[in-house]
1. Please verify whether the range 604-621 includes one or more residues that are of a type outside the set (Asp, Glu) and part of a helix (DSSP H, G or I).
2. Suppose the filter is modelled with pLDDT under 95, of a type in the set (Val, Ile, Thr) and either out of contact with any Pro (no Cβ under 9 Å at 6 or more places or on another chain) or open to solvent by 30 Å² or more (accessible area, probe 1.4 Å) (or both); does Thr122 pass it?
3. Restricting the first residue to the range 427-445 and requiring it to be more than 14 Å from Gln416 (Cα to Cα), which pairs with a second residue that is open to solvent by less than 20 Å² (accessible area, probe 1.4 Å) and among the hydroxyl-bearing types (Ser, Thr, Tyr) meet a Cβ separation below 6 Å and a spacing of at least six or different chains?
4. Residue check: is Leu117 in contact (Cβ under 8 Å) with a residue 24 or more places away in the chain, crowded, with 22+ Cβ neighbours inside 10 Å and touching a helix residue (DSSP H, G or I) at 6+ places or on another chain (Cβ under 9 Å)?
5. May I ask you to list pairs of residues, at least six apart or on different chains, whose Cβ atoms are under 6 Å apart, with the first in the range 305-316 being farther than 19 Å from Leu353 by Cα and the second being hydrophobic (A, V, I, L, M, F, W, C)?
6. Just give me the residues in the range 475-511 being among the hydroxyl-bearing types (Ser, Thr, Tyr) and in contact with a Phe, Trp or Tyr (Cβ under 8 Å, 6 or more places away or on another chain), in sequence order.
7. Pull out all pairs, ordered by first then second residue, where Cβ-Cβ is under 8 Å, the residues are six or more apart or on different chains, the first lies in the range 209-232 and is over 18 Å from Arg338 (Cβ atoms), and the second is modelled with pLDDT of 95 or more and part of a helix (DSSP H, G or I).
8. Going residue by residue through the range 126-136, is there one that turns out to be more than 16 Å from ligand 1 (Cβ to nearest atom), of a type in the set (Phe, Trp, Tyr) and not in a loop (DSSP other than H, G, I, E, B)?
Amino acid sequence: ADASFARIQDQRKSLPIFNERDALLRIINDNQVTIIVGETGSGKTTQITQYLLETGHGQFGIIGCTQPRRVAAVSVARRVADERRCELGSEVGYAIRFEDQTSKDTKIKYMTEGVLLRETLTDSLLNKYSVIMMDEAHERSVNTDVLFGLMRRILPKRRDLKFIVTSATMNADRFSQFFGNAPIYTIPGRTFPVDIFHTKQNVPDYVAAASLEAVRIHYNAGEENGDILVFLPGQEDIICCCDDIRKKLEQQPQEKKRDMLILPIYSLLPSEQQARIFDPAPLRKCIVATNIAETSLTVDGIKYVVDAGFCKLKVYNPRIGMDTLQVTPISKANALQRSGRAGRTGPGQCFRLYTEHTFECDLLENTVPEVQRTNLGHIVLLLKSLGISDILSFDFMDPPPSDNIINSLHQLWMMQALDNDGNLTKLGRKMVEFPLDPPLSKMICFSEELGCGSEIVTIVSMLSVPTVFYRPKDKEEEADTAREKFFTDKSDHLTLLTVYEEWMKHRCSRDWCNKNYIHFKAMERVKDIRSQLVEICQQAKVRLKSCHEDYPLIRKCICASYFVQAARMKGFNEYINIRTGVPCFVHPTSALNGLESMSDYLVYHELVLTSKEFMQCVTPVDGAWLAELGPMFFGIKESYDVRKKRRLEGKEDPTELP
Ligand code: ADP
Ligand code: MG
């Protein structure tokens, strides 16, 4: 253990940031706001917090460091705890939604931006912090941008608070300008040349192309060292690609066989498995990652990068009136960061699975900031409860289109979270207590009235993890049959409820999960999330009663929160979105797929855009409920649109709602 500690300390000293330590600390001491730019891997995330702690900044408050991604917050906290030889959660801790690993001893706290944003609700001047470092600011998530706006209000009132913004990309001027021309400190980089190769044609199937490329690199490199990093957009692609690579390696003739360690990494991978990408290995490593490995996590020893050229982005789709996750081409800035990963420890190579023409002519310079492309419902709710009533004039670095804001205000008003003057209602105030999207928090609050809170909290917890159903390749049929056993009342929400209740009846057994193709870890998480939600309900004085399998009642409660996302039956499996008139389809995995519905209407949790618009997680509802629960929505829509238009033309106060 001592040897490994010594090695870690040597490594700390060899980071490019180490030589800058004193100069950095000076500039931070002399200024309230400092912008720090440095190559990925220079040591910004893991070292700056420690330097600050070592020079006494932890004495009068916590040194907080935000990350746009959960994986990064956890991984970096773990690393820094190792470097300081302390238990995670003591001197060094982390907090992500539904998971707080900090204690009263915590001096360095890594957290997601969402966590810090929620903390402003109870500690509006962030008094428990002496330093806030917003890391990876170039990612420009919605939360980054909102926190930026809030920090501009907080900083003049907290002269003692140090604020640091770090970014991996060079266009930090905007950050500096936004914070009163704050100084920019650039950590001198140390990078090696990377040869970049493009394909002659754009590839039809990037998963197949990526696995082929990885295997080709592996054999070409032969005995030489050097790990491979493959960038793909999402979890499914990554799992597929890893399988593919494994198969291709197995197919090699015996005498040529050469092993390689294949390591996937994406946000929902269990954290013990995520950590494996950092373990030293006797073999070549092939890491298959989402854009988490672009700048948030640095793995040493990468010599080859394979870049599929896509990432998954949340995009507001005006045609259907809401956010969808879409596979989108990356920007040039992303592409450059990705290729840079090959040149950290020596010269490298990057293979782009797209043409040079695509790079030059089709890719945007930078990704559009998230605030300009997503639904702002939860942000609007949060800002309102911080007392910021006029959202349209909030200090956004790049203001979202006013249409987006108005749309979000409208949806919150329909949910009765805002009153006619655009102020938070009693319900809205309760909803803010929950770290959930507005429809889900509304569902919990409304369940009290109907007396099905216990069931609804379970459903919401199940919806807060990606999916508990496990569908291994080659065993799809068995897995599907297993899932079908849980189908309840032709509703996917109720199916989730049944899975959880069955698991409870089987005393949360791991065996039971394995037998039923259900992720045990995911279920444990659901259970944990559920108990946290129950606690929040107690604080928010939402009483939870059980309705004991009164399924129609539960469906009604779901309807009350999702009536904005309702569809009317048009034909077999085919529906029309009530709000937008767009045709949409029941997802093949749904309990309702291929069945006669018991009613003409359904509500859905999510829309997934692939070949068609698929509704994922649906529940049949009564037309009468829709009329009862969403009368404002159905009655006023037209006049609302007219008013909205007028308002956009500047003829009325924009925050005034009908
Ligand atoms: P930056 O934030 O400037 O990109 P980091 O502080 O994240 O740089 O990384 C500095 C060094 O610490 C890198 O060499 C990286 O490989 C190493 N490192 C970071 N996290 C871990 C970890 N969980 N395990 C092992 N090494 C890590
Ligand atoms: Mg970093």
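1. No, the range 604-621 contains no residue that is of a type outside the set (Asp, Glu) and part of a helix (DSSP H, G or I).
2. Taking the combined requirement at face value, the residue satisfies it.
3. Phe434/Ser441
4. yes
5. Lys314/Leu325
6. Across the range 475-511, the qualifying residues are Thr488, Ser491, Thr495, Thr498, Ser509.
7. If the second residue must be modelled with pLDDT of 95 or more and part of a helix (DSSP H, G or I), the pairs left are Val215/Ile245.
8. Yes, there is a match, as at least one residue in the range 126-136 is more than 16 Å from ligand 1 (Cβ to nearest atom), of a type in the set (Phe, Trp, Tyr) and not in a loop (DSSP other than H, G, I, E, B).
The values are calculated or read from the model by the stated rules, or taken from the named source; none is laboratory data. Predicted, not measured: the structure shown is a model, and the values here were computed from it. Positions of Cβ are generated from backbone atoms using ideal geometry, with glycine treated the same way; all protein chains shown enter the neighbour counts. Surface accessibility is based on the protein's heavy atoms, side chains included, excluding ligands, DNA and RNA. Shrake-Rupley method; radii C 1.70, N 1.55, O 1.52, S 1.80 Å.
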